[in-house]
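I have placed the structure first, in the form of C-alpha cells, so that the comments after it can refer back to it.
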Amino acid sequence: MLNMHAQITRRYAEFSAAIIGLNESFASERVNELMSQLLNEVENFILRMAAEFPQRKEQLVFLINNYDMMLAVIVVSVACPCCLWLVWHVLAVC
C-alpha cells in the first residue's frame, strides 16, 4: 500500500518538474495557476494518506518521506530559481 503512495508522489514530482521546465521557456500564468491547484490536491492526498497511520510519529515519517522524495526529484530535475517558490511552498506545509 505504501509503495502505491510513493509511486503517486514520485509521478507527481516528475510531472511537475517537466511542466516547470517547459514553463521556463514558455511562461504562462495559467500554467502556474493549474500547477498550484495540482499541488494543493497532492498535498491534500498526502495528508489524507498520512492520517491512515494510527501513531503521530508514523504520520510524520510518512509526510517527511513523501515531501523529501518530491523535493529531491524537483530540485534535481529543475535547477533554476523559478522552482524555489514550489520548494518553499512544500516546505512551508511541513
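The values are calculated or read from the model by the stated rules, or taken from the named source; none is laboratory data. Being a predicted model, the structure only gives us computed values, none of them experimental. Cβ sites come from the backbone with ideal geometry, for glycine too, and all protein chains shown count toward neighbours.
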When GLY21 is evaluated against the numbered criteria (1) within 17 Å of the chain's Cα centre (by Cα); (2) over 20 Å from VAL75 (Cβ atoms), which criterion, by number, is the only one it fails? (2)
Quick count over region 24-36, residues being polar (S, T, N, Q) and more than 20 Å from VAL75 (Cα to Cα), is 1
Has region 74-90 got any residue that is among the hydrophobic types (A, V, I, L, M, F, W, C) and modelled with pLDDT of 85 or more? no
Against the condition at pLDDT 90 or above and either on the phi < 0 side of the Ramachandran plot or under 16 Å from the mean Cα position of the chain (by Cα) (or both), how does ILE8 come out, does it pass? no
Qualifying positions in region 35-71 - free of Cβ contacts under 8 Å to residues at least 12 places away in the same chain, charged (D, E, K, R) and part of a helix (DSSP H, G or I): GLU41, ARG48, ARG56, LYS57, GLU58, ASP68
All but one of (1) surrounded by 17 or more Cβ atoms within 10 Å (Cβ to Cβ); (2) at pLDDT below 85 hold for LEU39; which doesn't? (2)
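Which residues, taken from region 7-34, are in contact (Cβ under 8 Å) with a residue 24 or more places away in the chain and either surrounded by 14 or more Cβ atoms within 10 Å (Cβ to Cβ) or not small (Gly, Ala, Ser) (or both)?
ILE8, THR9, ARG10, TYR12, ALA13, GLU14, SER16, ALA17, ILE20, GLY21, ASN23, GLU24
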